[in-house]
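A.B. asks: Have a look at this one.
The values are calculated or read from the model by the stated rules, or taken from the named source; none is laboratory data. None of the values given here were measured: they were computed from a predicted structure. Heads up, the Cβs are rebuilt from the backbone with ideal geometry, glycines too, and the neighbour counts pull from every protein chain shown.
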C-alpha cells in the first residue's frame with residue numbers, strides 16, 4: 001500500500017479521539033490494499049462510483065449529512081471536484097491536499113478547478129514543485145497554497161532490527177551473507193524512473209557482481225521492466241517482489257535504498273528510508289531534492305542518467321564507512337518529518353477552519369496564526 005492510502009493508515013488513528021472524529025470516504029470500490037485501513041478500525045465508506053459519474057454528488061451529500069461532517073479534507077481530482085461542490089452546497093470549509101507535481105491538467109479539470117476555487121479555504125502541497133502545480137494548473141490563488149511536508153511514523157520505522165532479523169528477511173530473497181542488497185519500495189510508474197535503475201544495475205553488476213537489486217511494488221510497467229532485466233542478463237540479480245505489507249522489515253534488510261525518480265511530489269518512501277537509517281542514493285528529482293542533501297544525508301545524482309546512478313551506487317558499495325555516515329545523516333533529517341507532527345498540524349488547522357471559515361466568513365489562509373503549517377519540524 002503506497003501513497004495516500006499509507007498516509008491515511010498512519011494519520012487517521014493518530015487524531016485525538018476526544019476532539020476529532022475522522023471518517024474516510026472513497027469514491028471508488030474497495031480494493032485489497034485497503035485491508036490495512038479496515039484492520040485499523042478506520043470508518044470507511046465506499047461509494048463505488050466510476051469517474052465522471054454524476055451520482056457521486058448526491059451520494060457524497062448523503063454521507064456528509066448522515067455523519068454531520070464539519071470539515072472536508074480532499075485528496076485527488078474526483079474528491080476535490082465533487083467534494084468542493086458539496087462544500088459549496090453545505091457551506092463547509094475545505095482543505096485541498098495535492099500530492100502530485102504534474103505540469104498540466106485536462107481542460108475539463110481546469111474548468112472545474114477555476115469554478116470551484118472560491119470554495120478552497122487552504123490548499124496543502126507536499127513540495128514546492130507541487131505548490132507550483134496547484135497554483136498554475138489547478139488554479140488556486142497563491143495566498144491559499146501552503147507547502148506542508150509529510151513524514152513517516154518514526155517509532156515504527158526507526159526501531160532497529162537485529163542481525164538475525166535482517167538475515168532471516170534477506171534469506172527469503174535468496175541473498176547471500178556477502179551480497180550488497182540495493183532496494184526500493186515504489187510504484188512501477190513512469191515518474192519513478194525504474195527503467196534507469198535497471199540500466200544502472202547492469203553497469204553495477206559488471207563491476208560489483210555481489211550486488212543484488214530488490215524492488216517492491218506494483219504498477220503497469222512491471223512486465224516491461226522484468227523483460228528488460230532478462231534482455232540484459234541480470235534477472236537472477238534483479239527481482240521485482242510485488243506487494244509488501246511490512247515495509248520497515250524490508251527497509252532494514254536493505255544495505256542501500258535507491259530512488260531513481262524522474263519527478264516527484266515528496267514520496268512517503270523517502271521519509272521511511274530516512275527514519276530507518278538507510279544510506280540513500282537518489283536522483284535530483286524536485287520533490288526528493290527538497291529533503292535530500294548531497295553528501296549530507298544521501299548521494300544525489302542527475303535524473304535520467306543510468307551511468308551516474310551506477311557510479312553513486314558503486315561508491316557506497318565500496319565504502320561501508322560512508323554508508324554509515326550517510327545513514328546517520330538520513331536518520332537525523334527524519335526527526336523533522338514525523339507523522340505525529342503532521343497530525344498535530346492538521347488538528348490545529350481543523351480547529352481554525354471550524355472557528356473562522358464559514359462562521360465568520362474569513363479568509364483563513366491569510367490568517368497569521370496559520371504560520372505553524374509551513375514550519376518544518378514539530379507543530
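For (1) modelled with pLDDT of 95 or more; (2) surrounded by 14 or more Cβ atoms within 10 Å (Cβ to Cβ); (3) in contact with a helix residue (DSSP H, G or I) (Cβ under 7 Å, 6 or more places away or on another chain), each residue gets a yes or a no:
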residue	(1), (2), (3)
6	no, yes, yes
15	yes, yes, yes
18	yes, no, no
35	no, no, no
39	no, no, no
58	yes, no, no
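A.B. asks: So how many residues does the range 234-258 have that are without any contact (Cβ under 8 Å) to a residue 24 or more places away in the chain and more than 18 Å from residue 176 (Cα to Cα)?
C.D. replies: 1
A.B. asks: Yes or no: the range 219-227 includes at least one residue that is in the same structural domain as residue 264 (by TED's automatic domain parsing) and surrounded by 20 or more Cβ atoms within 10 Å (Cβ to Cβ).
C.D. replies: Looking through the range 219-227, none of the residues is in the same structural domain as residue 264 (by TED's automatic domain parsing) and surrounded by 20 or more Cβ atoms within 10 Å (Cβ to Cβ).
A.B. asks: Can you tell which of 187, 170 is in contact with a helix residue (DSSP H, G or I) (Cβ under 8 Å, 6 or more places away or on another chain) and assigned to a loop (DSSP other than H, G, I, E, B)? Steps first, answer last, please.
C.D. replies: Details: 170 fails: assigned to a loop (DSSP other than H, G, I, E, B).
Answer to the selection: 187.
A.B. asks: Next question. Give me the pairs: first residue in the range 355-379 and within 14 Å of residue 91 (Cα to Cα), second residue modelled with pLDDT of 85 or more and in a helix (DSSP H, G or I), beta-carbon distance under 6 Å, and six or more apart or on different chains, which are they?
C.D. replies: Pairs found: 356/364; 357/364; 362/356.
A.B. asks: What is the residue count in the range 298-311 for residues that are touching a residue at least 24 places away in the same chain (Cβ under 8 Å), in contact with a strand residue (DSSP E or B) (Cβ under 7 Å, 6 or more places away or on another chain) and surrounded by fewer than 24 Cβ atoms within 10 Å (Cβ to Cβ)?
C.D. replies: Quick first cut of the range 298-311, residues touching a residue at least 24 places away in the same chain (Cβ under 8 Å) only: 298-299, 303-307, 309-310.
Filter once more, so that each one left must be in contact with a strand residue (DSSP E or B) (Cβ under 7 Å, 6 or more places away or on another chain): 298-299, 303, 309.
Among the residues that remain, those that are also surrounded by fewer than 24 Cβ atoms within 10 Å (Cβ to Cβ) are: 299, 303.
Final tally of qualifying residues: 2.
A.B. asks: Looking at (1) out of contact with any strand residue (DSSP E or B) (no Cβ under 7 Å at 6 or more places or on another chain); (2) under 25 Å from residue 101 (Cα atoms), find the lone condition where residue 24 falls short.
C.D. replies: (1)
A.B. asks: Go through (1) at pLDDT 95 or above; (2) under 25 Å from residue 358 (Cα atoms); (3) part of a helix (DSSP H, G or I) for residue 143 and report which single condition fails.
C.D. replies: It is condition (1) that residue 143 fails.
A.B. asks: Run residue 44 past the list (1) under 30 Å from residue 270 (Cβ atoms); (2) out of contact with any helix residue (DSSP H, G or I) (no Cβ under 7 Å at 6 or more places or on another chain); (3) surrounded by fewer than 18 Cβ atoms within 10 Å (Cβ to Cβ); (4) free of Cβ contacts under 8 Å to residues at least 24 places away in the same chain and report the number of the one that doesn't hold.
C.D. replies: (2)
A.B. asks: Ok, one more. So, in the range 146-165, exactly how many residues are without any contact (Cβ under 8 Å) to a residue 40 or more places away in the chain and assigned to a loop (DSSP other than H, G, I, E, B)?
C.D. replies: Number satisfying all stated conditions: 1.
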